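Below you'll find the structure, written out as C-alpha cells, and then a few comments.
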Amino acid sequence: MALTFKAGLHLQEHKEATQGESIKRLPPPKEVTIPLLQHLGAPAKAIVEPKAEVILGEKIGEPQGFVSAAVHASISGVVRAVRELPAPPAGRRVASIIIERKEIEEQPDFKSSVVTLDKLTPEDIRAAVAEAGIVGLGGAAFPSQVKLSPPEEKPVDTVILNGCECEPYLTCDHRLMLERPEEALFGLKAIMRAVEAPRAFIGIENNKPDAIQVMQKICQEEENIDVAVLKTKYPQGGEKMLIEAVLARRVPLGGLPMDVGALVHNVGTAVAIAECLTSGKPLMERVITVVGSGVREPANVLVPIGTPLRDVIESCGGLSDTAAQVILGGPMMGFAQAALDTPVVKGTCGILVLERDEVLPFEETPCIRCGRCVDVCPVFVVPSDLARFAKAADIGRLMEYDVMNCCECGCCAYVCPARIPLVHLLRLGKQLVQTAAKKS
Ligand code: SF4
Ligand code: SF4
C-alpha cells in the first residue's frame with residue numbers, strides 16, 4: 001500500500017509533456033549572471049575582479065560563515081562586472097558576477113573516477129560538498145554541508161532520498177532517477193556515510209512506476225536501502241510530510257528532521273554530491289524542466305547556472321504567441337518573474353510558462369470562515385487567522401499561532417473560495433517575525 005501524510009491535496013499532474021523527455025545539455029550561453037546568494041544563509045564573497053579570466057568550474061565566490069555556499073564559474077570567460085542585480089526567485093537585489101564567454105585554452109578535467117566511499121571519512125565528504133558549493137536542489141537551496149553536520153546529541157538513524165517531485169508539471173527529478181540512478185544511489189550512500197546513518201529510503205510517488213522500478217532494481221543488493229512507494233499527493237515532497245509518510249514520525253512544531261532522527265535530501269542533490277566526489281565537479285549546472293502551454297517545445301535540460309531564462313526558453317522553441325506569465329519553479333511554490341534576463345540559479349527546478357487564459361485576474365472577497373484552508377494545511381496551522389494577523393502586523397499572534405511552521409506549499413490559497421492570497425500573506429507574516437527577531 002502506498003504511504004502518505006495527513007491533509008494536502010490531489011492536484012492535476014500535468015507531467016505528460018516532459019516526463020518522457022530525456023535530459024538534453026544546452027550549449028553554453030554567451031553570458032551568465034551568477035548571484036552570490038543562491039542559497040539560504042549568508043551570501044558568498046566575490047573573489048574575482050572585473051576583467052579577470054575564469055575557467056569553467058573555478059571558484060568565484062567564497063562562502064561567508066557556516067551557513068553559506070561557494071559559487072563557481074559555469075562557463076569559461078572574462079568577468080565583465082560584479083554588481084548588485086535582482087536575483088531569483090523573489091527579485092531581491094544581490095551582488096552578482098557577470099561572465100562573458102570566451103574560448104580559453106586551459107580547461108578543467110571533470111572525468112569521473114572510481115571512488116570507494118569506505119576510504120572517505122564523514123569529514124572528507126562534508127569538506128568536498130562544501131568546496132563544491134552544493135545546496136539542496138529541491139528548491140530550498142539550504143547549504144548541504146550544514147545538513148550533513150548534525151550535532152552529536154541528534155544522531156540521524158534514517159536518510160530519506162526525496163524523489164517525490166510532487167509539484168505539478170516538474171519532471172527533472174523523475175528523469176534523473178531514470179537516467180542517472182547509479183549516481184543518485186552513490187550520492188545517497190555518501191550522505192549516509194557523512195551522517196553515519198545505518199538506514200535509508202528512497203521516497204517516490206506512485207505516479208512514477210518506471211522510476212520506482214529502476215530504483216528498486218538498483219537497490220536490490222543494498223541491505224539497508226529500500227524504495228518507499230508514496231501516494232501521489234501534494235505536498236508529499238515536503239520534508240515533514242515525507243518523514244511522516246515514510247517513518248510515521250512527526251517533526252515537532254518549530255523543529256527539524258534531525259529532532260526525529262531523520263535527514264531528507266533531494267535526488268538532484270545526491271547526484272551533485274556523487275559528481276563532486278567522483279570527479280571534483282562543483283555545482284555549476286543543473287537539470288530543469290521547461291514546460292507549460294506557453295512554451296513551444298517543453299523539455300528537460302541541463303543548464304549552466306547563471307543562464308538567462310530567455311536563452312533557456314529560446315532553446316526550447318521559444319514562447320508561444322499567447323504566453324502570459326513565466327514562473328520560476330512549479331505552479332504551487334514558484335515565483336512569477338518580471339524579466340527574462342533573470343538567471344537560472346541552483347534552486348531553480350523549472351521554468352513554467354502559462355498562457356493568458358490560465359492567469360486570469362481574480363477578485364479577493366471577504367473570508368467566509370469555510371475552514372477549507374485549515375482542512376488542507378499539512379502543518380496544521382490556521383491559515384485564515386494567520387493571514388489576518390499578517391495584515392495587522394500582529395507579530396505576537398503570528399508567533400503564538402506558529403506562522404514559522406508554514407512551508408509555503410500553497411494548498412490553502414489553492415482551495416480558498418474567497419481568493420485571498422493566503423501564501424503571500426503568510427510569507428509576509430514570516431518576514432515580519434524574522435525581521436522582529438533580528439532587531440531584538
Ligand atoms: S498555511 Fe502554509 S503550510 Fe499551511 S497550507 Fe498554507 S501555505 Fe501550506
Ligand atoms: S479557505 Fe478562504 S474563505 Fe475559507 S476560511 Fe480559509 S481564508 Fe476563509
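The values are calculated or read from the model by the stated rules, or taken from the named source; none is laboratory data. All values derive from a computational prediction rather than experimental measurement. Here Cβ is always computed from backbone atoms with ideal geometry, including for glycine, and neighbour counts include all displayed protein chains.
With respect to (1) closer than 30 Å to residue 192 by Cα; (2) at pLDDT below 95; (3) among the hydroxyl-bearing types (Ser, Thr, Tyr), the lone exception for residue 322 is condition (1).
Among the residues of the range 364-380, some residue qualifies, meaning at least one is within 14 Å of ligand 1 (Cβ to nearest atom) and of a type in the set (Asp, Glu). Selection of the range 35-56 for residues being under 23 Å from residue 434 (Cα atoms) and in a loop (DSSP other than H, G, I, E, B) yields 36, 37, 38, 39, 40, 41, 43, 44.
Do we find that residue 316 is within 16 Å of ligand 2 (Cβ to nearest atom) and within 26 Å of the chain's Cα centre (by Cα) in this structure? Answer is no for this residue.
For residue 403, the stated conditions do not hold, so it cannot be described as under 29 Å from the mean Cα position of the chain (by Cα), within 9 Å of ligand 2 (Cβ to nearest atom), modelled with pLDDT of 95 or more and not assigned by TED's automatic domain parsing to the domain that holds residue 256. Looking only at the range 57-103, residues that are surrounded by fewer than 16 Cβ atoms within 10 Å (Cβ to Cβ), of a type in the set (A, V, I, L, M, F, W, C) and part of a loop (DSSP other than H, G, I, E, B) come to 3 in all. Candidates in the range 369-382 are the residues that are more than 6 Å from ligand 2 (Cβ to nearest atom) and in a helix (DSSP H, G or I); of these, the one that is surrounded by the most Cβ atoms within 10 Å (Cβ to Cβ) is 376. Evaluation of residue 340 against the conditions (1) free of Cβ contacts under 8 Å to residues at least 40 places away in the same chain; (2) exposed (fewer than 15 other Cβ atoms within 10 Å of the Cβ); (3) more than 16 Å from ligand 2 (Cβ to nearest atom) shows that the sole unmet condition is (2).
The set of residues from the range 118-137 being outside any helix (DSSP H, G or I) and under 16 Å from residue 269 (Cβ atoms) comprises 132, 133, 134, 135, 136, 137.
Conditions (1) assigned by TED's automatic domain parsing to the domain that holds residue 255; (2) more than 10 Å from ligand 2 (Cβ to nearest atom); (3) modelled with pLDDT under 95; (4) part of a helix (DSSP H, G or I), marked per residue:
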| site | (1), (2), (3), (4) |
| --- | --- |
| 351 | no, yes, no, no |
| 390 | no, yes, no, yes |
| 409 | no, yes, no, no |
| 425 | no, no, no, yes |
| 428 | no, yes, no, yes |
| 434 | no, yes, yes, yes |
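Selection of the range 25-34 for residues being part of a strand (DSSP E or B) and crowded, with 23+ Cβ neighbours inside 10 Å yields 32, 33, 34. Can you tell me which residue among 285, 244 is touching a residue at least 40 places away in the same chain (Cβ under 8 Å) and within 19 Å of the chain's Cα centre (by Cα)? After applying the criteria, what remains is 285. Considering 387, 393, the condition of being over 25 Å from the mean Cα position of the chain (by Cα) and crowded, with 17+ Cβ neighbours inside 10 Å is satisfied by 387 alone. Does at least one position in the range 244-251 carry a residue that is at pLDDT below 95 and in a loop (DSSP other than H, G, I, E, B)? Looking through the range 244-251, at least one residue is at pLDDT below 95 and in a loop (DSSP other than H, G, I, E, B). Filtered by the rule that a residue be within 15 Å of the chain's Cα centre (by Cα) and of a type in the set (D, E, K, R), the range 165-202 gives 165, 167, 173.
Please tell me if residue 111 is in contact (Cβ under 8 Å) with a residue 12 or more places away in the chain, of a type outside the set (S, T, N, Q) and surrounded by fewer than 16 Cβ atoms within 10 Å (Cβ to Cβ). Taking the combined requirement at face value, the residue satisfies it. Would you pick out the residues in the range 419-440 that are crowded, with 17+ Cβ neighbours inside 10 Å and more than 14 Å from ligand 1 (Cβ to nearest atom)? The answer is 432, and nothing else. Here residue 415 meets the list (1) aliphatic (A, V, I, L, M); (2) more than 9 Å from ligand 2 (Cβ to nearest atom); (3) on the phi < 0 side of the Ramachandran plot almost entirely, failing just condition (2). Inspection of the range 267-282 finds no residue satisfying the criterion of being assigned to a strand (DSSP E or B) and buried (at least 24 other Cβ atoms within 10 Å of the Cβ).
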